[in-house]
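The values are calculated or read from the model by the stated rules, or taken from the named source; none is laboratory data. Just so it is clear, the model here is predicted, and its values are computed rather than measured. Cβ sites come from the backbone with ideal geometry, for glycine too, and all protein chains shown count toward neighbours.
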Amino acid sequence: MANEITLSAAARASVLTLGNTADLINRTNNRLSSGLRVASPIDDARVFFEAKSLSDRASTLDEKKSGIDQAISSVSAALEAVETIDSVVRQAKGLAIAAKSATGTELASLVTQYNQLRTQIDNLTADTTFQGLNLVNGTGETLTVEFSNLTGSQLTIASVDLTTDTTGLDISVAANFSVTSNIDAAIAELDAAVETLEGEGQEIGSNVALLQTRLDFTENYVNVLEEGAGKLTLADITEEGANLVALQTRQQLGISALAFAGQSEQSVLALFR
């Protein structure tokens, strides 16, 4: 056809080289702008889906991490309650001991203070609620923390009863300190309550430590998974920058080669004029 343009072999080779170089420059620019060597299955299907598997696992564990973090707060609230109640129980014991040598108005004041402390213990257990969960007022609630979606790895923490009821700390003796035997009975209950609180505090504290350990592990594991995915897909910016410079140089050389090919053809045509 009259409109067809016929290129020499040298010119055609130069044009093809320029086209390939332009494609490589575009690819390199995309890698530099996105930071990714493999951004879609088109780039490398195997690597893309391997990285996606790692990223999906990291995302799932990141959700578990949030649950563990909230559980730590919930159990820490229970531990704080145990420590505070222990302090109140020890105050009550001090009042009971003082009642042994008190008389008249002083004894009546000690009885009033003692009963107020018992009330405060129950109020404190009722107030120790975190996101609707109370682990110290004996309502039979349970906190279940899942550590993984691939296994049954989890921790279940049952609530305890730290109220003054007989089902809890059993500080049930009414503060009638007019009789020495009542004072002794109250002191015995308070001593038993302190032992109970120490035991519960150790167990709850152990659960806090375990949860913190699992949280640290999960955070580190998520980082490892994300780093692994990055190794598969992230571009080496230094290398890609060097590639871009080399490709731009190749492009300039290609343009020069095409120009030389054109000049050679013009020189040959001039011989026939």
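In the stretch 44-87, what residues are within 30 Å of Gly201 (Cβ to Cβ) and among the hydroxyl-bearing types (Ser, Thr, Tyr)? Walk me through it before giving the result.
Start the filter on the stretch 44-87 by keeping residues that are within 30 Å of Gly201 (Cβ to Cβ), which leaves 64-87.
Ser66, Ser73, Ser74, Ser76, Thr84, Ser87 - these are the residues of the stretch 44-87 that are within 30 Å of Gly201 (Cβ to Cβ) and among the hydroxyl-bearing types (Ser, Thr, Tyr).
Annotation: Val222 fulfils all but one of (1) in contact (Cβ under 8 Å) with a residue 60 or more places away in the chain; (2) under 30 Å from Ala98 (Cβ atoms); the unmet one is (2).
Scanning the stretch 95-111 for residues that are closer than 15 Å to Ser181 by Cα and in a loop (DSSP other than H, G, I, E, B) returns Lys100, Ser101, Ala102.
Within the stretch 139-148, at least one residue is at pLDDT below 90, closer than 23 Å to Thr196 by Cβ and in the same structural domain as Ala188 (by TED's automatic domain parsing).
Looking only at residues of the stretch 75-114 that are touching a Ser or Thr at 6+ places or on another chain (Cβ under 9 Å) and farther than 18 Å from Glu189 by Cα, we find that the one that is surrounded by the most Cβ atoms within 10 Å (Cβ to Cβ) is Ala78.
Every residue, every condition in (1) on the phi < 0 side of the Ramachandran plot; (2) without any contact (Cβ under 8 Å) to a residue 40 or more places away in the chain, yes or no:
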| residue | (1), (2) |
| --- | --- |
| Gln116 | yes, yes |
| Gly138 | no, yes |
| Glu146 | yes, no |
| Gly152 | yes, yes |
| Val179 | yes, yes |
| Asp184 | yes, yes |
| Ile187 | yes, no |
| Leu190 | yes, no |
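Among the residues making up the stretch 160-177, a single one is among the polar types (S, T, N, Q) and in contact (Cβ under 8 Å) with a residue 60 or more places away in the chain: Asn176. Among residues that are farther than 20 Å from Val88 by Cα, touching a residue at least 60 places away in the same chain (Cβ under 8 Å) and among the small types (Gly, Ala, Ser), Ser206 is not included. Just name the residue that is surrounded by the fewest Cβ atoms within 10 Å (Cβ to Cβ) out of those in the stretch 63-74 that are in contact with a helix residue (DSSP H, G or I) (Cβ under 9 Å, 6 or more places away or on another chain) and of a type outside the set (A, V, I, L, M). So the residue we want is Asp69.
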